[in-house]
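See structure below.
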Amino acid sequence: TRSTRPQRLLKAVRKHAARGDPQSVISAIDHFCRHSEWAMNIGDEKGSILDSVVSELNPEKVLELGTYCGYSTVRIARLLPPGARLITLEFNAGYAAIARQVIAWAGLEDRVQLVEGASEDWIPRMKEHFGIETFDFVFLDHWKDRYLPDTKLMEDCGLLRKGTVLLADNVICPGVPDYLQYVRNSLSYKSCYFKSHLEYTKAEDGLEKSVFLG
Ligand SMILES: Nc1ncnc2c1ncn2CCCCCNC(=O)c1cc(-c2ccc(F)cc2)cc(O)c1O
Ligand SMILES: [Mg+2]
């Protein structure tokens with residue numbers, strides 16, 4: 001049977017990236033998506049904005065919603081100190097299987113925990129299952145109609161603290177209007193928009209950075 005796009009992306013990583021070298025994994029995926037097949041990774045342009053937010057914050061506890069092939073997982077994890085932990089949730093078993101291998105190829109498996117399942121099922125279990133009190137940084141890149149309900153769920157589960165940063169991908173394309181309206185109008189968030197482009201295209205997209213005020 002035909003291979004899947006994530007399988008072809010992993011093959012390109014194995015062919016062109018050096019084991020244990022996260023930057024070469026990032027470059028191999030960006031090259032594949034620009035010159036072979038578009039894929040819904042955050043990409044290099046929005047990825048640089050993600051890098052700057054993570055580097056400035058230096059988070060210890062990170063949650064990523066929506067792993068896909070692990071591109072943003074690698075971008076974030078490569079910037080974390082070895083003691084820091086990144087938990088990434090992926091609903092699709094096929095994507096998760098590829099992401100595990102991409103993360104391992106980058107040599108970052110020691111600070112990444114990939115969990116298969118739906119965000120709404122796992123968010124309420126973060127404390128008892130992973131011993132997490134609160135997250136310092138949350139990257140939202142999963143189903144666009146789950147951004148808002150999952151943010152409210154994280155609030156209700158006490159997973160956000162004064163200063164926790166939420167960074168949301170695709171706030172223009174595909175778009176998350178209900179989430180944007182909430183974080184931009186709620187007195188519990190200080191929000192700002194980073195204008196950019198949809199990965200590997202000229203279409204507008206951007207990231208919304210929202211600091212939880214407690
Ligand atoms: N743990 C969990 N819980 C719930 N859902 C979960 C999950 N884990 C995964 N999912 C399910 C997410 C499926 C992928 C989400 N991302 C997207 O849908 C996405 C789409 C585009 C796009 C833009 C323009 C186009 F023309 C076409 C596509 C770009 C992006 O950067 C995207 O992130
Ligand atoms: Mg995205």
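The values are calculated or read from the model by the stated rules, or taken from the named source; none is laboratory data. Predicted model, so just to flag it, every value in this text is computed and none were measured. Every residue, glycine among them, receives a Cβ derived from its backbone with ideal geometry; neighbour counts consider all protein chains shown. Calculation scope for accessible area: heavy atoms of the full protein, side chains included, ligands and nucleic acids excluded. Shrake-Rupley method; radii C 1.70, N 1.55, O 1.52, S 1.80 Å.
Out of (1) farther than 17 Å from Gly107 by Cβ; (2) part of a helix (DSSP H, G or I); (3) touching a Phe, Trp or Tyr at 6+ places or on another chain (Cβ under 6 Å), what's the single condition that is false for Val13?
Of (1) farther than 17 Å from Gly107 by Cβ; (2) part of a helix (DSSP H, G or I); (3) touching a Phe, Trp or Tyr at 6+ places or on another chain (Cβ under 6 Å), only one is false for Val13: (1).
Residue under question is Ala28, and the condition is that it be within 11 Å of ligand 1 (Cβ to nearest atom) and part of a helix (DSSP H, G or I); does it hold? Before the answer, list the steps.
Working: within 11 Å of ligand 1 (Cβ to nearest atom): no; part of a helix (DSSP H, G or I): yes.
Answer is no for this residue.
Which strands (runs of 3 or more DSSP E) does region 46-133 wholly contain that include 2 or more residues that are surrounded by fewer than 23 Cβ atoms within 10 Å (Cβ to Cβ) and over 15 Å from the mean Cα position of the chain (by Cα)? Please lay out each step first, then the result.
On the way: elements: 61-65, 85-90, 112-116.
Strands (runs of 3 or more DSSP E) meeting the threshold: none at all.
Which one is most open to solvent (accessible area, probe 1.4 Å) among residues in region 33-45 that are hydrophobic (A, V, I, L, M, F, W, C) and not in a helix (DSSP H, G or I)?
Step one: of region 33-45, the residues hydrophobic (A, V, I, L, M, F, W, C) are 33, 38-40, 42.
Checking which are not in a helix (DSSP H, G or I) leaves us with 38-40, 42.
On the way: Trp38: 103, Ala39: 1, Met40: 86, Ile42: 3 Å².
The selected residue is Trp38.
Please verify whether region 136-152 includes one or more residues that are aromatic (Phe, Trp, Tyr) and over 27 Å from Phe32 (Cα atoms).
Restricting attention to region 136-152, the residues satisfying the condition of being aromatic (Phe, Trp, Tyr) are 137, 139, 143, 147.
Those still in the list that are over 27 Å from Phe32 (Cα atoms) too: 137, 147.
Scanning region 136-152, I find at least one residue that is aromatic (Phe, Trp, Tyr) and over 27 Å from Phe32 (Cα atoms), so the answer is yes.
Report yes if Leu153 is hydrophobic (A, V, I, L, M, F, W, C) and touching a Phe, Trp or Tyr at 6+ places or on another chain (Cβ under 7 Å), otherwise no. Spell out the reasoning first.
Details: hydrophobic (A, V, I, L, M, F, W, C): yes; touching a Phe, Trp or Tyr at 6+ places or on another chain (Cβ under 7 Å): no.
So Leu153 fails the test.
Taking region 48-68, which residues are without any contact (Cβ under 8 Å) to a residue 40 or more places away in the chain and of a type in the set (Gly, Ala, Ser)? Spell out the reasoning first.
Kept after step one, since they are without any contact (Cβ under 8 Å) to a residue 40 or more places away in the chain, are these residues of region 48-68: 48, 51-52, 55-56, 58.
Answer for region 48-68, where residues must be without any contact (Cβ under 8 Å) to a residue 40 or more places away in the chain and of a type in the set (Gly, Ala, Ser): Ser48, Ser52, Ser55.
Looking at Glu199, Glu208, can you tell me which residue is in a loop (DSSP other than H, G, I, E, B), among the acidic types (Asp, Glu), touching a Cys at 6+ places or on another chain (Cβ under 8 Å) and surrounded by 19 or more Cβ atoms within 10 Å (Cβ to Cβ)? Can you show your working first?
Details: Glu208 fails: in a loop (DSSP other than H, G, I, E, B).
That would be Glu199, the only listed residue that is in a loop (DSSP other than H, G, I, E, B), among the acidic types (Asp, Glu), touching a Cys at 6+ places or on another chain (Cβ under 8 Å) and surrounded by 19 or more Cβ atoms within 10 Å (Cβ to Cβ).
Check whether at least one residue in region 170-193 is farther than 30 Å from Cys33 by Cβ, aliphatic (A, V, I, L, M) and open to solvent by 10 Å² or more (accessible area, probe 1.4 Å), and report yes or no.
Yes, region 170-193 contains at least one residue that is farther than 30 Å from Cys33 by Cβ, aliphatic (A, V, I, L, M) and open to solvent by 10 Å² or more (accessible area, probe 1.4 Å).
Evaluate region 184-195: report whether one residue or more is under 23 Å from Phe91 (Cβ atoms) and in contact with a helix residue (DSSP H, G or I) (Cβ under 9 Å, 6 or more places away or on another chain). Walk me through how you get there before you give the answer.
Initially, region 184-195 is screened for residues under 23 Å from Phe91 (Cβ atoms), giving none.
Scanning region 184-195, I find no residue that is under 23 Å from Phe91 (Cβ atoms) and in contact with a helix residue (DSSP H, G or I) (Cβ under 9 Å, 6 or more places away or on another chain), so the answer is no.
In region 152-174, how many are away from ligand 2 (no atom under 16 Å from the Cβ) and either of a type in the set (A, V, I, L, M) or not in a strand (DSSP E or B) (or both)? If you could, list the steps in order and put the result at the bottom.
Narrowing region 152-174 to residues away from ligand 2 (no atom under 16 Å from the Cβ): 152-165.
Filter once more, so that each one left must be either of a type in the set (A, V, I, L, M) or not in a strand (DSSP E or B) (or both): 152-160, 165.
Result for region 152-174: 10.
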